[in-house]
Amino acid sequence: MKNFTTVADIGDIKKAVAEALEVKTNRFAFKNLGHDKTLLMLFFNSSLRTRLSTQKAAMNLGMNVIVLDVNQGAWKLETERGVIMDGDKAEHLLEAIPVMASYCDIIGVRSFAGLTDKNDDYNEKVLNQFIKYSGRPVFSMEAATGHPLQAFADIITIEEHKSVQRPKVVLTWAPHPKALPQAVPNSFAQWSVAAGYDVVITHPHGYELAPEFTAGATIEYDQKKAFEGADFIYAKNWSAFNDPNYGKILSTDWSWTVDSEKMALTNDAFFMHCLPVRRNMIVTDEVIESPKSIVIPEAANREISAQTVLKRMLEELA
Ligand code: CP
């Protein structure tokens, strides 16, 4: 695997899940693969799970790891070509990328959507510059439009918990006080369809996601109807995608919070969320603390998805 930014990069999902479960049974079986190889993890945005799970995955494979928080201690980076750099940004990405690449073998990048310029976000302007100028394998640790390591972990988790071949998987919008990117729901929808699930997406009018990510899923605007017979409920907030409201909050309707009454409509569904989660906005305490909540094993599988991706990248380098 050269780069990992989208579902297409993983190839056959069933094979990838089987490989991930093999990794999970003995996560130190490939500890020589990363000997004398260095991973650089670059964060333009905050993280708890991605940072820790990816670092752990790399260490399981015997890699050295360097972590850089771009906004805490590094020079502020300019990403626009052709600008006169007379502001607070001291270094251009065009120099910074090859310099950073000279210190490592693989690069992971976290760079969220700015939610102001849809073209920049949906062209993955920052991530693609790393792919173009680093000369190294690059993987997304959540970029503007997708969070593939999360989606891969979500699929692994569903495969571990499902009791029917083709579960009904419902992605539901839920309220949040801040405007959030569409990266997680985009990837979850795309990967769930690719995994062959019966995928239903429910949200208030105006929160339609980009069709390239939701193709194959059913859109149901009635949340309670969507929940009926569901095997998995995946809650997430996102801001509007469609113009002229790109990146805006259109609703904070608390009636969309996932609660026990709605979960009772399901087929005794498991509750999922990528975390971090705002309790009693996205989901009630009762639901997230219930025995059907699998948010912790879901987060734990982030180590497994990251290790499977890094393993494939290292095998390609070998
Ligand atoms: N789910 C996830 O990516 O968590 P972090 O933002 O904490 O990395």
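Need one number: nm distance between label points at ASP12 and ASP86, each 7 Å from Cα along Cα→Cβ, rounded to one decimal.
6.0 nm
For LYS89, go through the aspartates and glutamates and keep the ones whose alpha-carbon is under 16 Å away, minus same-chain ones fewer than eight residues off.
ASP69, GLU78, GLU80
LYS224 versus ILE296, label points 7 Å from Cα toward the beta carbon: distance in nm?
The answer from the label model is 3.3 nm.
Enumerate the residues in the range 99-121 having an amide nitrogen under 18 Å from the point lying 7 Å beyond the Cα of GLU316 toward its Cβ.
Inside the label zone: 101-102, 104-110.
How high is the FRET efficiency between ASP120 and LEU275 when r is their beta carbon distance and R₀ equals 30 Å, given to the nearest 0.05?
Rounded to the nearest 0.05, the efficiency is 0.65.
Extent of the chain along each principal axis, from alpha carbon coordinates, in Å, largest to smallest?
Principal extents (Cα only, largest first): 54, 49, 32 Å.
Counting other Cβ atoms within 10 Å of each Cβ, which chymotrypsin sites (Phe, Trp or Tyr not before Pro) in the range 214-243 have at most 14 and sit in a DSSP loop?
TYR221
What is the log10 of I(q)/I(0) for the range 41-167, computed with the Debye formula using one identical point scatterer on each Cα and no solvent, at q = 0.09, 0.13, 0.19 Å⁻¹?
For the requested q values the scattering log ratios are -0.31, -0.60, -1.15.
Could you tell me the calculated FRET efficiency between TYR133 and LYS248, based on Cβ-Cβ distance and R0 = 25 angstrom, to the nearest 0.05?
0.15
Could you pull out the pairs from LYS2/LYS168; LYS162/LYS236; LYS236/LYS262; LYS2/LYS162 whose alpha carbons sit more than 26 Å apart here?
Exceeds cut-off: LYS2/LYS168; LYS2/LYS162.
Among GLN129, THR25, SER290, flag the residue with its Cα farthest along the positive direction of the charge dipole of the chain, charges on Cβ as +1 for Lys/Arg and -1 for Asp/Glu.
THR25
Are there trypsin sites (Lys or Arg not before Pro) in the range 162-196 that DSSP marks as loop and that have at most 16 other Cβ atoms within 10 Å, and which are they?
Qualifying residues, ordered by number: LYS162, LYS178.
Which values of log₁₀ I(q)/I(0), to two decimal places, follow from the Debye formula for the range 166-318 at q = 0.08, 0.12 Å⁻¹ with a uniform point scatterer at every Cα?
-0.23, -0.50
Hey, rough spin-label estimate for ALA29 and ASP285, points 7 angstrom out along Cα→Cβ, what's it come to in nanometres?
Spacing of the two 7 Å Cα→Cβ label points: 4.3 nm.
Let me spell out the model: positive unit charges on the Cβ of Lys and Arg, negative unit charges on the Cβ of Asp and Glu, origin at the Cα centre of the range 181-318. What dipole size does that give, in debye rounded to 20?
300 debye
Please give the FRET efficiency for ALA264 paired with LEU52, using the beta carbon to beta carbon distance and R0 = 35 Å, rounded to the nearest 0.05.
Efficiency for this residue pair is about 0.50.
Using +1 on the beta carbon of Lys and Arg, -1 on that of Asp and Glu, and nothing else charged, what's the dipole of the chain about the Cα centre, debye to 20?
I would put it at about 580 debye.
Which chymotrypsin sites (Phe, Trp or Tyr not before Pro) does the range 99-132 hold that lie in a coil by DSSP with at most 16 other beta carbons within 10 Å?
Hits after loop and neighbour filter: TYR103.
Each reported figure results from applying straightforward, stated rules to the coordinates on display, with no laboratory input. None of these values were measured; they are calculated from a predicted model. A quick note on method: Cβ atoms are made from the backbone with ideal geometry, for glycine too, and the neighbour counts reach across all protein chains shown.
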